[in-house]
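The block underneath contains the structure these notes are about, expressed in structure tokens.
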Amino acid sequence: MAETRLNGVIRALESGKPAFATFSPATPDAAIALHGTKYDGVVFETEHNVWDGTNVRHGLQYLLNRAEIAKGGLAPKITPIVRIPPNGAEMNQHFSKQALDMGAFGIVWPHVSTVEQAYNAVSACRYPTMKENPLHEPFGQRGDGPHGAVRYWGLSQQEYYERADVWPLNPKGEIFVILMIEDLEGLQNLDEMLKKVKGIGAILIGEGDLSQELGYARQYEHPVVLDHMRKIVETAKANNVVVGHPHVDAKNVERVLNEGYRFLMPAPERTFNGLNKGLELAGR
């Protein structure tokens with residue numbers, strides 16, 4: 001592309017490499033702590049944390065680094081994406097609209113289980129277009145008010161409109177739509193979703209909720225859980241859609257990569273080596 005790719009997650013995937021991101025609270029301290037890490041993106045978590053638009057805005061701003069901007073980088077080094085509160089069945093668009101209008105580069109939609117819900121998720125992240133537009137579908141529902149996003153992306157308003165579309169449906173798009181498959185209904189409908197709804201950037205497996213439904217709560221390495229996750233991976237790969245794993249660590253990362261996951265979410269590892277050694281030496 002002639003233009004510089006702003007979305008670091010998309011940039012990694014376009015290069016043929018897996019992308020790495022992590023969940024984080026949308027707070028200034030959490031955003032600052034990510035500086036110096038090698039993540040491609042961060043997913044600000046507002047599904048189980050409280051949705052607070054002010055906190056999301058603060059998280060976005062504290063990802064910015066003046067030194068990086070001075071070197072000519074418009075976008076933050078770590079791309080901000082937001083996981084919004086509503087489940088797919090709730091058909092809520094206003095959370096995604098607000099996050100995108102603040103400047104987020106993507107939305108994670110929890111608990112998407114049907115074609116209708118998948119269509120709504122992608123549609124909510126797009127502006128409407130005329131039927132003559134070859135990229136008309138899914139028809140956009142996003143309302144027009146991106147003033148904060150225009151400023152955050154460092155573009156003119158018209159430049160923003162040209163690039164504020166979903167990838168990979170629009171190759172110039174910078175918005176990454178992630179659908180979470182977290183239940184058996186979603187697994188059963190996944191192939192139809194991916195065939196009928198274009199513009200899905202990635203499928204992220206919610207093995208926490210999936211394992212609950214299967215009767216093996218949070219037993220992520222249980223053969224039954226792994227078998228159902230494998231089916232999701234195979235379906236996504238058959239439809240040439242990126243599939244993500246939200247619980248990656250040093251123990252499973254090799255297996256996860258070998259199984260074909262391309263959006264990996266390792267948690268930042270907090271070590272207490274000094275504390276533990278001190279307690280040991282102090283006889284505690």
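One line per residue, one yes/no per condition, for (1) closer than 20 Å to Asn87 by Cα; (2) touching a helix residue (DSSP H, G or I) at 6+ places or on another chain (Cβ under 9 Å):
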| residue | (1), (2) |
| --- | --- |
| Leu179 | yes, yes |
| Gly199 | yes, yes |
| Leu214 | yes, yes |
| Ala238 | no, yes |
| Ala267 | no, no |
| Gly278 | no, no |
Some residue of the range 141-160 being surrounded by fewer than 20 Cβ atoms within 10 Å (Cβ to Cβ), under 13 Å from Ile175 (Cβ atoms) and touching a Pro at 6+ places or on another chain (Cβ under 7 Å):
yes
Do you know which of the residues in the range 241-284 that are part of a helix (DSSP H, G or I), more than 21 Å from the chain's Cα centre (by Cα) and aliphatic (A, V, I, L, M) is surrounded by the most Cβ atoms within 10 Å (Cβ to Cβ)?
Leu279
If you take the residues of the range 197-230 that are farther than 17 Å from His111 by Cα and within 21 Å of the chain's Cα centre (by Cα), which of them is surrounded by the fewest Cβ atoms within 10 Å (Cβ to Cβ)?
Arg230
May I ask you to list the residues in the range 65-109 that are more than 20 Å from Arg163 (Cα to Cα) and among the aliphatic types (A, V, I, L, M)?
Ala67, Ala70, Ile84, Ala89, Met91
So, of the residues in the range 30-60 that are in contact (Cβ under 8 Å) with a residue 24 or more places away in the chain and among the charged types (D, E, K, R), which turns out to be surrounded by the most Cβ atoms within 10 Å (Cβ to Cβ)?
Asp40
List the helices (runs of 4 or more DSSP H) that sit entirely inside the range 58-170 and contain at least 2 residues that are within 30 Å of Asp183 (Cα to Cα).
94-102, 115-124
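Values quoted throughout were computed directly from the atomic coordinates according to the rules given, and no laboratory measurement underlies them. Here the structure is a predicted model, which means the values were calculated and not measured. When we count neighbours, we look across all protein chains shown, and the Cβ atoms used for this are built from the backbone with ideal geometry, even at glycine.
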